[in-house]
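A quick write-up on the structure given underneath.
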Amino acid sequence: MSPSQTFTGLIKHKLALACCLGALGSFSLSASAAAPEAGTFKMGIEPWLGYGQWHVAQSQGIFKQQGLEKVDIINFAEDKDINAALASGQIDGANIATHTAMAMVSAGLPIKVVLLLDQSETADALLVGKDITTLKDLQGKQVAFEEGTTSDILLHSAVNAAGLKWSDITPVPMPADSAGSALIAKRVTAAVTYEPYISAAKKQDPTLKMLYSGSSDPGLIGDVLVVRDSVLKEKPGQIAALIKSWDAALTHYQANTVADRALIAKAVGATPADLESAFDGVKYYSLAENKQVLSHSFSDQTFAHVLKAATAAGLIPKPVTAAEVIDASFVNSLP
């Protein structure tokens, strides 16, 4: 769970957050109800099912229903590529991990989180063979993971939960799509990866088990929609319409789950069967849920917890605050 805060500290934090959001959100609160501005919104995305509701929105004509002229969903293969496109202004916004948004702001990139998209529960996990029964058994063992990703964050969380130090394990950096294979081949004792690689590894070797996952540390692994500050000021109507589009797509998904899962699976290059357990391991956030948590428990508690884990993993250049990273005014001003 997230670290506790003193009453005084919590009040100060809320006041600071309110002041900052008030300053940044003055334009968005008044403009979010306005019609979307003309032009294209360029959105960066990767082949991850947690971003699936954007594919539903595009397929079902929801963007146009919300008044958006065009949403150009641009696919990227790796984190570094989407991060570079966002930093250079080639795209207006992007779907990225929470800790990545923190790192970008920490590095000076002018972006804000405007929407919580998803939370990984069992779609990110530490896999082990039958010889490992507890996290403490990882001491002195080789563990495969991809540096700088959610796998990095989750492994640091697992090591901490075991009461171990990072130096107690032997980290073996490699791409997430190779980690499971390395475990099956017994080149490592454990592997941290995510779907669909978890399901693929377990299909190849049914003896593999999930020892630690996103659900072991709720809120740690999640994704957000970030938008460049200049776009927030110039196109607030588009941002509001995008948020409404995500919510409408999620409503459609909940009523047409089988069909929409097939649509999302195709968009990320997989089959529904490949991703069945993966979908079950992801929680999507609705607009109503964003209203409940984005400027409350997420800003007050979850943010600090993710920041601590990301800092321990060496992913945050310098400390940042929730007020610097989050703009909840769009979410909170929508009906």
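Computed quantities for the displayed model
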| read-out | value |
| --- | --- |
| Cut-off of 10 Å, at most 12 other beta carbons, DSSP loop: longest stretch of the chain lacking such trypsin sites (Lys or Arg not before Pro) | 187-335 |
| Largest-first principal axis extents of the Cα set of the range 62-221 (Å) | 56, 33, 25 |
| Contact order normalised by residue count of the chain, Cα under 8 Å, 6+ apart, percent | 32 |
| Paired Rg and Dmax values of the range 221-265, which use every Cα atom, in angstrom | 13.7, 38 |
| P(r) histogram, all alpha-carbon pairs of the chain included - 10 Å bins from 0, percent | 6, 26, 34, 24, 9, 1 |
| Solvent-accessible area, 1.4 Å probe, carbon plus sulfur percent, for the chain | 54 |
| Kirkwood Rh (inverse of mean 1/r, distinct Cα pairs), the range 130-280, angstrom | 17.7 |
| Rounded accessible area of Tyr197 (nearest 10 Å², 1.4 Å probe) | 80 |
| Helical segments meeting 18 Å axial Cα length and Kyte-Doolittle -0.5 threshold in the chain (DSSP H) | 7-31, 236-255 |
| Compactness of the range 124-216, expressed as Rg and Dmax over alpha-carbon positions, Å | 11.4, 32 |
| Fraction of alpha-carbon pairs over 22 Å apart in the range 209-335 - percent | 50 |
| For the range 195-271, projected area of the alpha-carbon convex hull averaged over all directions, nm² | 7.6 |
| Solvent-free Debye scattering, log10 I(q)/I(0), computed from the Cα coordinates of the range 111-155 at q = 0.29 Å⁻¹ | -1.22 |
| log10 of Debye I(q)/I(0), alpha-carbon scatterers only, for the range 277-316 at 0.17, 0.31, 0.36 Å⁻¹ | -0.63, -0.88, -1.00 |
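The values are calculated or read from the model by the stated rules, or taken from the named source; none is laboratory data. None of these values were measured; they are calculated from a predicted model. So basically every Cβ, Gly included, is an ideal-geometry build from the backbone, and we count neighbours across all protein chains shown. These area figures cover heavy atoms from the full protein model, side chains too; ligands, DNA and RNA do not enter into them. Shrake-Rupley method; radii C 1.70, N 1.55, O 1.52, S 1.80 Å.
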